[in-house]
Amino acid sequence: MRRILVASLVVCLGGIRAADARVVRLVVELRQPLSGGAPFGDAGPYERLEGTVYMEVDPRDPHDVVIVNVDRAPRNARGMVEFSAGFTMLKPVDPARGNRKILFGLNNRGNSIELARFNILTRDGADRGRAGPPLDVGDGFLMKQGYTVVDVGWQGDLAPGGSRILAQLPVARQADGSAIVSLMRVEYSDRNIDQKGTFTLPLEGSPAFRSYEAADTHPAHSTLTVRTSVQGPRTRVEPHQWAFGACPAGQASLVPGTRDICLFDGFSPGKIYDLVYPAKDPIVMGLGHATARDLASFLRYAVKDDTGQQNPLALDRDRLDVRRVYASGSSQTGIYLRDFVYLGFNEDESGRKVFDAMNINIAGTLRNFINVEFADPNVFSAQTDRHDLLMTSYPPFTYGVTTDPISGIRAGILSRPRTDPLIVDTHTEAEYYQLRASLNLTDGHGRPVPLPPTVRMYLLAGFQHGGGSLGGPLAGPRGLCANATNGLPPLPTARALFVAMDAWADRGVEPPASQVPDVANKTLLTLDEARQLFPKIPGVTFPPALNQLDWLDFGPSFGPRGGRVTVMPPLVGSSYAVLVPKPDRDGIGVAGIRVVETRVPLGTATGWNVRAQGFREGNTCGLSGSYIPFATTRSERLQSGDSRPSLEERYGNHDGYVRAVRAAVAELVRDRLLLPEDGERYVRDASASHVLRSSLP
C-alpha cells in the first residue's frame, strides 16, 4: 500500500511496486567525481553518473495506447514492450545536501546542450562522455543551487558516435512477423548538400542518423524530383539517372545498397530534391516520450527498480526525498516537450504528475511528431526548404484549448489540468520568421488568443535562434548569409527566468508577466507592415518572405496526435496569418524582453538574415539573425547614409554609455529579468569596454 509522508515530503516506498514507474532496471556504468571533487557551495561535491535505463510499457495501458505501432512492437513473456536508453546524471554525492529538485535538460539530437543554457562554461559545454575530457560545468550555477541534472536518450534513429545519448527503441512488425512497408518522403537541400556538391547522400540526409532502409531499390518504384525553389515546379529525375546505394566518386563508384542514394550527375546545393520511396521497418519512435516520462517518474517516486537496484537519489534503502522535477528543452527538444505534454506523457502510468514545470525554449509552434510511423525527428521546416514536410506547424498551436479556424481542429497543448505542468516559454525573433511563433498568440486569421494562466511566454527581442555565447562577439560569421550573424547571448535572461520558474512551481510566487508582441497594440504585424517600419541601413535588405504556413493534409490516417502519412506531398489548403514583431527606429523589436544589449544597443540586432548572392539569394538565411553595428560618429553615419543614430549621438562618450548600461541593469534586476550577479558583470564589462574610448589616451 502506498504511503506518502506529507509532513516531510519524504516518500517511503517500501510497499509500492517498483514496476509502477516502468523502469525495470537502472544500470550505472560509470561514476566519477565532477570537477575533481570540488564542492559546490552548500550542495557539496558532485558526481557524474552514466548508464542505461531498461524500461517496458504495457501496450494495453491507456497511458500508452496513444503510441503509434506500440501494438505491433515485439512483446516479452509478460506481454510488455521493452526498450532502453542511455542516461547521464550530475548529482550531489550526498543527495541530502542538494535542493531535492531535478532538472531534466533534454538532449538535442543526442547532444547534451541544456547545461550551457544556464552555466557559464569555458568550453562548448557538450558532454563528451567517458571517452572525452572532463565535463565542463563552468561557474556551476545549477550545482551551487543543489540541482540534480539528468539527461536521457529519446531519439531512436540516432547513429552511434561522439557522445550522443542513444535510445534503443523496437521496430514494429506485421502480425505475421513480416516487415511493415510504407512510403517515406525526404528532402535534400544545402542543409545537407555541401557547397561543393556531392554525388551521394544517406537516405535520411545525414550520417548522424540511421536511414530507413529502402524495401524496393528499383528507382522506377520511387519518385525523385528536383526544383530550384520551394514553390518552383518539380521536374522528375528519371530512374536511369539515379540509384539506391553509395557512389562517392559518381556512377562508376556505385555500390548498391538500401540506405543511401546516388545521383549520377551529382546533387547541387542550389537545388531542392524530393524523394518518395518505399521504406521498411519503422521504429516505434513514440516510445521516445516514454523514456523521459518513465525515468523522471522513477527518480521522483521509486526507491528501487524491479531488480532491487537503488534509485541514485534515494537517501537510504527505504527513503526518497524529491521535491520538484523540471524539464528544459531547446529547439528540437523544446519542440519535443510541446508534443510530450500534448500527448499526455506528463502523467505516468500510475496517474501521477511527472514534471512540475517546463522551460520550453525556441520551439515556435512546432511539435516534433515522433509519434508517427516512419518518424523523422531531425527535420524542421524553413522558408527555403522542407516547407511542407511533416515536422512543421500543425494544430494545435496554442497552449489553451481553441478551435483552429483553418482546419476546424479544436485542441490545445494543455488540456489536462490535473497533470499539466507550468510552462515558461521563451522565443527569439527567429521563431516568428521561421517557426510561426505568432500562432502561439493568434488564431489562423490573426485574431488574438489569450495565454492560459499557467503559461508565461517571453520574446527575447532582437535575438536569433539559439543566440551567442556570453562574452563572445556580437557580430558573428556570415556563412551563407548576407549580414553578420547575431551573437546576442541569451544566458543571463535564461538564468533569471529559470529562477522565476522555480519560485513559481515551488513556492507559488508569480513570475514576471508575459512579454510578447500583440496584435491589439500593433506590435505584432504582417511582414509588409514590418518592412515599412524597418530603418534605412546601407547594404541591408529586409526579408522578402517568411516561412508561410498552409493547411497541410497528410491523409486520413494522420491527425494532431500523429499516425501515418499517406499523402506525399500533402494536399495544400488555406493559408494561415503568420505575423512578426514590430521593429523600432533601430530595427530592433519593440515588444518582448529587451536585454541590456538591446536597451543600450551598439548595433541593430534582428532574428532574421537573408542569403548572400550565389547562395539562393532572395530567401531568408535559415535560423540566423543579423547584427549590423552603428556608426561611431554622426559624420560617419551621414557619409554612409545610415538613418540610425551613431554611438556618439546616443551616449555622448564612454561614461554616458556606462551610465546607460547601469540604468538598464537596474531596471532588469528590478523586474526579475536579470540576476544581480549577472547585472554586475554587465556593468564591469561596459566599464572595461572600448566603446567611445577612441579619443582617450
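What the table shows:
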quantity: Candidates 601, 544, 569 - the one that is closer than 21 Å to residue 372 by Cβ and not in a strand (DSSP E or B); calculated: 569
quantity: Yes/no for residue 350 being touching a helix residue (DSSP H, G or I) at 6+ places or on another chain (Cβ under 8 Å), crowded, with 24+ Cβ neighbours inside 10 Å and polar (S, T, N, Q); calculated: no
quantity: Restricting region 253-269 to residues that are out of contact with any Pro (no Cβ under 8 Å at 6 or more places or on another chain) and of a type outside the set (A, V, I, L, M, F, W, C), the residue that is nearest to residue 214 (Cα to Cα); calculated: 258
quantity: Test for residue 175: is it touching a residue at least 12 places away in the same chain (Cβ under 8 Å), among the small types (Gly, Ala, Ser), buried (at least 16 other Cβ atoms within 10 Å of the Cβ) and out of contact with any Pro (no Cβ under 6 Å at 6 or more places or on another chain); calculated: no
quantity: Qualifying position, being buried (at least 24 other Cβ atoms within 10 Å of the Cβ), of a type in the set (Gly, Ala, Ser) and not in a loop (DSSP other than H, G, I, E, B), among 329, 364; calculated: 329
quantity: Some residue of region 406-427 being in contact with a His (Cβ under 7 Å, 6 or more places away or on another chain) and touching a residue at least 60 places away in the same chain (Cβ under 8 Å); calculated: no
quantity: In region 487-515, the residues that are in a loop (DSSP other than H, G, I, E, B) and within 19 Å of the chain's Cα centre (by Cα); calculated: 487, 488, 489, 490
quantity: The listed residue being at pLDDT 95 or above and farther than 30 Å from residue 180 by Cα, out of 371, 359; calculated: 359
quantity: Test set (1) of a type in the set (A, V, I, L, M); (2) out of contact with any Ser or Thr (no Cβ under 7 Å at 6 or more places or on another chain); (3) at pLDDT 95 or above - residue 379 fails condition number; calculated: (3)
quantity: In region 294-319, the residues that are touching a Phe, Trp or Tyr at 6+ places or on another chain (Cβ under 8 Å) and closer than 18 Å to residue 149 by Cβ; calculated: 295, 296, 311
quantity: Residue list for region 447-470, restricted to those being without any contact (Cβ under 8 Å) to a residue 60 or more places away in the chain and farther than 21 Å from residue 580 by Cα; calculated: 452, 453, 454, 468, 469
quantity: Among (1) in a loop (DSSP other than H, G, I, E, B); (2) among the polar types (S, T, N, Q); (3) under 30 Å from residue 639 (Cβ atoms) - the single one residue 521 does not satisfy; calculated: (3)
quantity: Within region 323-338, tally of residues that are of a type in the set (A, V, I, L, M) and under 21 Å from residue 52 (Cα atoms); calculated: 2
quantity: Members of region 628-638 found to be crowded, with 20+ Cβ neighbours inside 10 Å and either touching a residue at least 60 places away in the same chain (Cβ under 8 Å) or among the β-branched types (Val, Ile, Thr) (or both), listed by number; calculated: 628
quantity: Residues that are in a helix (DSSP H, G or I) and hydrophobic (A, V, I, L, M, F, W, C), drawn from region 670-686; calculated: 683, 686
quantity: Selection within region 167-223 - of a type in the set (Gly, Ala, Ser) and over 30 Å from residue 293 (Cβ atoms); calculated: 178, 189, 197, 214, 215, 220, 222
quantity: Residues located in region 637-661, provided they are among the polar types (S, T, N, Q) and either closer than 13 Å to residue 690 by Cβ or assigned to a loop (DSSP other than H, G, I, E, B) (or both); calculated: 643, 646, 653
quantity: Residue check, residue 98 over 16 Å from residue 292 (Cα atoms), at pLDDT 90 or above and touching a Lys or Arg at 6+ places or on another chain (Cβ under 9 Å); calculated: yes
quantity: Complete set of residues in region 178-236 that are closer than 26 Å to residue 163 by Cβ and polar (S, T, N, Q); calculated: 192, 206, 211
quantity: Qualifying residues in region 428-460 (those that are within 14 Å of residue 591 (Cα to Cα) and aromatic (Phe, Trp, Tyr)) - the one surrounded by the fewest Cβ atoms within 10 Å (Cβ to Cβ); calculated: 458
quantity: Filter pass, residue 235 being of a type in the set (Val, Ile, Thr), surrounded by fewer than 21 Cβ atoms within 10 Å (Cβ to Cβ) and not assigned by TED's automatic domain parsing to the domain that holds residue 70; calculated: yes
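This table checks each residue for (1) among the β-branched types (Val, Ile, Thr); (2) under 26 Å from residue 524 (Cα atoms); (3) not assigned by TED's automatic domain parsing to the domain that holds residue 67.
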{"site": "372", "(1), (2), (3)": "yes, no, yes"}
{"site": "377", "(1), (2), (3)": "no, no, yes"}
{"site": "410", "(1), (2), (3)": "no, yes, yes"}
{"site": "417", "(1), (2), (3)": "no, no, yes"}
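Conditions (1) surrounded by 14 or more Cβ atoms within 10 Å (Cβ to Cβ); (2) closer than 30 Å to residue 441 by Cα; (3) among the aromatic types (Phe, Trp, Tyr); (4) under 28 Å from the mean Cα position of the chain (by Cα), marked per residue:
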{"residue": "581", "(1), (2), (3), (4)": "yes, yes, no, yes"}
{"residue": "602", "(1), (2), (3), (4)": "yes, no, no, no"}
{"residue": "609", "(1), (2), (3), (4)": "yes, yes, no, yes"}
{"residue": "626", "(1), (2), (3), (4)": "yes, yes, no, yes"}
{"residue": "640", "(1), (2), (3), (4)": "no, no, no, no"}
{"residue": "653", "(1), (2), (3), (4)": "yes, no, no, no"}
{"residue": "662", "(1), (2), (3), (4)": "yes, no, no, no"}
{"residue": "693", "(1), (2), (3), (4)": "no, no, no, no"}
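The values are calculated or read from the model by the stated rules, or taken from the named source; none is laboratory data. The structure displayed is predicted, hence computed values, not measured ones. Every residue, glycine as well, gets a Cβ built from its backbone with ideal geometry; the counts of neighbours run over all protein chains shown.
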